[in-house]
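Everything below concerns the one structure shown next.
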Amino acid sequence: MPEVSTQSHTVTLSGQPLELRWAAVTDTGRRREVNQDAMFASYPLFVVADGMGGHVGGEIASASTIDRLKMMTDAGTVTPKAIEKALVRAVKDIASHPEATDDGTGTTLTGVYLDTAGEAPHWVTLNIGDSRVYLVRDGAIVQITTDHSVVQELIASGRLSPEEAENHPYGNVITRAVGPSEGVTPDYVRLDVAEGDRFVICSDGLTKELTDYGIRHFLDENADPADAVTAMLDAALENGGRDNITIIVLDVGTAPAASDPDTDPRAATPRAAADDHEAADADGSSTASD
């Protein structure tokens, strides 16, 4: 079992300190020989990538994408424009390994970052593929990202029920990825900053083994992020561990000195980003399997 620890960072928003606490873990699982997942968890960006293609090709794709996003974060600029430039560079990095990659090599990418540039700080989720971002707010768990997958398209069109989707033979086939095409743009969703929120960012190795209810259960049972990711990983492995498993749990809380009983920021609700970066049409994207 990988060693997991909780990290923290305090940022001042609108004159008040906000404490962020998080933990991250990745595991090969019980059936795969290579871990093709990669992750980056450091303020203000928290992302997971699930690679696909060949024995090591998926590993190259996910690592290249995470490396480029880490360099972007280290440079101090996390914006949709900077993210998309980093992804263009990642695609070139993936293509520079022809001995281990091909036209189908790529990776999912999903995560969240804190945008403090404007007057009203907010979270922004980004997503390509079928890794997911969940938000637990006021006791309810919501999947914020929408899967870019054949199964999700069938559900959206009414041709498949969520129950039927669980064991569908095309369950691993995704319709958008970093790598197979050059101009892949993430979907973005903007969320208010609210005390008490908990984010779960994960590859489908977790969601293949745990339902949304199961994820919320382990969050409810474990207040510390490190304990939460460890409990979910243990459960996913116990349930089969059929794929690589990567989990980030990110908690949002007000630092003690900033407590204000007269305000309840949890009343805020997620809202779609009014952004120039609209989702790419799935009909024009490549199809791959992770």
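Quick check: is even one residue across the range 130-146 under 22 Å from residue 237 (Cβ atoms), in contact with a Ser or Thr (Cβ under 7 Å, 6 or more places away or on another chain), outside any strand (DSSP E or B) and at pLDDT 90 or above?
Looking through the range 130-146, at least one residue is under 22 Å from residue 237 (Cβ atoms), in contact with a Ser or Thr (Cβ under 7 Å, 6 or more places away or on another chain), outside any strand (DSSP E or B) and at pLDDT 90 or above.
Would you call residue 104 at pLDDT below 95, in contact with a Gly (Cβ under 6 Å, 6 or more places away or on another chain) and either crowded, with 24+ Cβ neighbours inside 10 Å or in a loop (DSSP other than H, G, I, E, B) (or both)?
So residue 104 passes the test.
I want to confirm something. Restricting to the range 1-19 and keeping residues that are assigned to a loop (DSSP other than H, G, I, E, B) and farther than 19 Å from residue 119 by Cα, which single residue is modelled with the lowest pLDDT?
Per the criteria, the residue is 1.
Could you say whether any residue in the range 68-76 is among the acidic types (Asp, Glu), modelled with pLDDT of 95 or more and surrounded by 14 or more Cβ atoms within 10 Å (Cβ to Cβ)?
no
Would you mention how many residues in the range 94-129 are within 14 Å of the chain's Cα centre (by Cα) and hydrophobic (A, V, I, L, M, F, W, C)? If you could, list the steps in order and put the result at the bottom.
So in the range 94-129, the residues within 14 Å of the chain's Cα centre (by Cα) come out as 107-114, 123-129.
Adding the requirement that they be hydrophobic (A, V, I, L, M, F, W, C) leaves 109, 112, 114, 123-124, 126, 128.
Adding up the residues that qualify gives 7.
Table: residues versus (1) under 21 Å from residue 26 (Cβ atoms); (2) among the hydroxyl-bearing types (Ser, Thr, Tyr); (3) open to solvent by 10 Å² or more (accessible area, probe 1.4 Å).
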position	(1), (2), (3)
177	yes, no, no
196	no, no, yes
202	yes, no, no
207	yes, yes, yes
222	yes, no, yes
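Is there any pair with a first residue in the range 29-41 that is modelled with pLDDT of 95 or more and part of a strand (DSSP E or B) and a second that is open to solvent by 20 Å² or more (accessible area, probe 1.4 Å) and of a type in the set (Asp, Glu) whose Cβ atoms are under 8 Å apart and which are 6 or more apart or on different chains, and what are they?
38/59
Within the range 33-53, how many residues turn out to be closer than 22 Å to residue 5 by Cβ and open to solvent by less than 10 Å² (accessible area, probe 1.4 Å)?
The qualifying residues number 5.
Among the residues that make up the range 149-159, is at least one of them in a strand (DSSP E or B) and crowded, with 20+ Cβ neighbours inside 10 Å?
yes
Going by the conditions given, is residue 97 touching a helix residue (DSSP H, G or I) at 6+ places or on another chain (Cβ under 7 Å) and either assigned to a loop (DSSP other than H, G, I, E, B) or open to solvent by 10 Å² or more (accessible area, probe 1.4 Å) (or both)?
yes
This table checks each residue for (1) open to solvent by 50 Å² or more (accessible area, probe 1.4 Å); (2) within 16 Å of the chain's Cα centre (by Cα); (3) modelled with pLDDT under 95.
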| site | (1), (2), (3) |
| --- | --- |
| 192 | no, no, no |
| 217 | yes, no, no |
| 234 | yes, no, no |
| 242 | yes, no, yes |
| 276 | yes, no, yes |
| 281 | yes, no, yes |
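Checking the structure you have, find out if any residue of the range 17-28 is over 30 Å from residue 253 (Cα atoms) and open to solvent by 30 Å² or more (accessible area, probe 1.4 Å).
Taking every residue of the range 17-28 in turn, at least one turns out to be over 30 Å from residue 253 (Cα atoms) and open to solvent by 30 Å² or more (accessible area, probe 1.4 Å).
The values are calculated or read from the model by the stated rules, or taken from the named source; none is laboratory data. Since the model is a prediction, treat every value here as computed from it, not as a measurement. So basically every Cβ, Gly included, is an ideal-geometry build from the backbone, and we count neighbours across all protein chains shown. Side chains included, ligands, DNA and RNA excluded: accessible areas come from the protein's heavy atoms. Shrake-Rupley method; radii C 1.70, N 1.55, O 1.52, S 1.80 Å.
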